[in-house]
């Protein structure tokens, strides 16, 4: 019986994997495959991907299989595997980034006359095609999107690993994981990542099992970086080690157990923001580089190399900003409230292009999601959907007092502030009051910014 290929992409899990379930239901032996395309993996994410693949391969070996690893252009490598195995079909999960969609198109045009192709919407709560305005256009504002998406049926319940799963016996050539060169050589800057994270499906499932601890006070504490009040599931979700459906249903169950609907609603809303970001990228592929509000293409940005370096290193002289940037560099992650604060500082205090900050985040985040990152930076800049009013400029000092009232977060990431006698912490690189006025002037200089409205 000819086998089928299970092309694993950003669905690096065995539980609730639609492509794996469908492949198993075909009754044919399965060959799990991963193809690395370097252009789609950023620096910190490479470390996570290495360990995620390692753990996925370990999980497959428990079923008597292993992951076939290749590197190169996906449609070419998959075509080689089809020729080597006489595979009758390929199963995979869709992705929504422009390059990934182009990749899928190449796979389809290369293989559709030779094998059956089965693609699944498996990374979001709802399919893009089913969430449109009354006249068939994509939503451009979150709240109408959220109401339309959540008004229908609940996301399907997550499914277990199939009982009837059958993996193929083969002698296919597979690259050793180390040959993908996902880990840095010298210098090795990943100690902070190793101390902070355990990639892989089992770790993600453990976090989901603990989700009740976060739902309990999520609506009250989620804005506090000094409190362990968020799920930290984003990198597991980004790599598909867990599914959005698993998190959705676990959150709903926790809300019933705890009778805390407010905490659950706040967490579920974050899942819908993730859906919305992917939805925007799908319908507006230029989202990572081009403002959705066209008038912002004329914005008078200013690039100061020294200021940019100070921001990247966490040496701006504003503790809440610097704590966030140091947390990012050391752990590959940053609390969401602090992400907004540091983004506002770069864009509105330093008048740097939002694309510059978005690129730095992508390179340093272990949850470097192109859609969520791009949509969020545009939101802060005021040029995207649901954009914050241009006159909303975070005061970093007041934000620190409000969300880190005892300074615990700042002291953790800026230890030199705890000892004033040896502190070499810098003075502020800009005066926020003056910078705010400059930002307002810059925003008001662009024709149309004050009156531009977005359609639903």
Does the stretch 166-179 contain any residue that is modelled with pLDDT under 90, assigned to a loop (DSSP other than H, G, I, E, B) and farther than 25 Å from residue 279 by Cβ?
no
Tally, over the stretch 173-183, of residues that are touching a helix residue (DSSP H, G or I) at 6+ places or on another chain (Cβ under 8 Å) and exposed (fewer than 13 other Cβ atoms within 10 Å of the Cβ):
0
Quick check, is residue 196 surrounded by fewer than 17 Cβ atoms within 10 Å (Cβ to Cβ), closer than 20 Å to residue 53 by Cα and out of contact with any strand residue (DSSP E or B) (no Cβ under 7 Å at 6 or more places or on another chain)?
yes
Do we have any residue at all in the stretch 403-421 that's modelled with pLDDT under 90 and either part of a loop (DSSP other than H, G, I, E, B) or within 29 Å of residue 272 (Cα to Cα) (or both)?
yes
Given the conditions (1) in the same structural domain as residue 395 (by TED's automatic domain parsing); (2) more than 30 Å from residue 99 (Cα to Cα), and given that residue 302 satisfies all but one, which numbered condition is not satisfied?
(2)
Restricting to the stretch 77-97, name every residue that is without any contact (Cβ under 8 Å) to a residue 12 or more places away in the chain and within 20 Å of residue 176 (Cβ to Cβ).
80
Can you tell me how many residues in the stretch 110-126 are free of Cβ contacts under 8 Å to residues at least 12 places away in the same chain and either touching a helix residue (DSSP H, G or I) at 6+ places or on another chain (Cβ under 8 Å) or assigned by TED's automatic domain parsing to the domain that holds residue 236 (or both)?
0
Of the conditions (1) on the phi > 0 side of the Ramachandran plot; (2) under 21 Å from the mean Cα position of the chain (by Cα); (3) without any contact (Cβ under 8 Å) to a residue 24 or more places away in the chain, the single one that residue 136 does not satisfy is (2)
Checking 292, 362, 351 in turn, the sole residue that is out of contact with any strand residue (DSSP E or B) (no Cβ under 8 Å at 6 or more places or on another chain), under 26 Å from residue 141 (Cβ atoms), touching a residue at least 60 places away in the same chain (Cβ under 8 Å) and outside any helix (DSSP H, G or I) turns out to be 292
Looking at 310, 323, can you tell me which residue is crowded, with 19+ Cβ neighbours inside 10 Å, touching a residue at least 40 places away in the same chain (Cβ under 8 Å) and either outside the structural domain of residue 415 (by TED's automatic domain parsing) or farther than 15 Å from residue 411 by Cα (or both)?
310
Could you tell me whether any residue of the stretch 99-107 is not assigned by TED's automatic domain parsing to the domain that holds residue 205 and not in a helix (DSSP H, G or I)?
no
May I ask you to list the residues in the stretch 305-348 that are assigned to a loop (DSSP other than H, G, I, E, B) and more than 22 Å from the chain's Cα centre (by Cα)?
314, 315, 316, 317, 318
Which members of the stretch 112-126 meet the condition of being buried (at least 20 other Cβ atoms within 10 Å of the Cβ) and touching a strand residue (DSSP E or B) at 6+ places or on another chain (Cβ under 7 Å)?
122, 123
Within the stretch 365-389, track down each residue that is surrounded by 20 or more Cβ atoms within 10 Å (Cβ to Cβ) and in a loop (DSSP other than H, G, I, E, B).
365, 366, 367, 368, 369, 382, 383, 384, 385, 387
For residue 229, only one of the following conditions fails: (1) buried (at least 16 other Cβ atoms within 10 Å of the Cβ); (2) assigned to a loop (DSSP other than H, G, I, E, B); (3) at pLDDT 95 or above. What is its number?
(3)
Regarding residue 256, is this residue assigned by TED's automatic domain parsing to the domain that holds residue 370 and either surrounded by 20 or more Cβ atoms within 10 Å (Cβ to Cβ) or farther than 30 Å from residue 101 by Cβ (or both)?
no
Just one of (1) in a helix (DSSP H, G or I); (2) over 29 Å from residue 411 (Cβ atoms) trips up residue 266, so point out which.
(2)
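The values are calculated or read from the model by the stated rules, or taken from the named source; none is laboratory data. The model shown is predicted, which means the values in this text are computed figures rather than measured ones. When we count neighbours, we look across all protein chains shown, and the Cβ atoms used for this are built from the backbone with ideal geometry, even at glycine.
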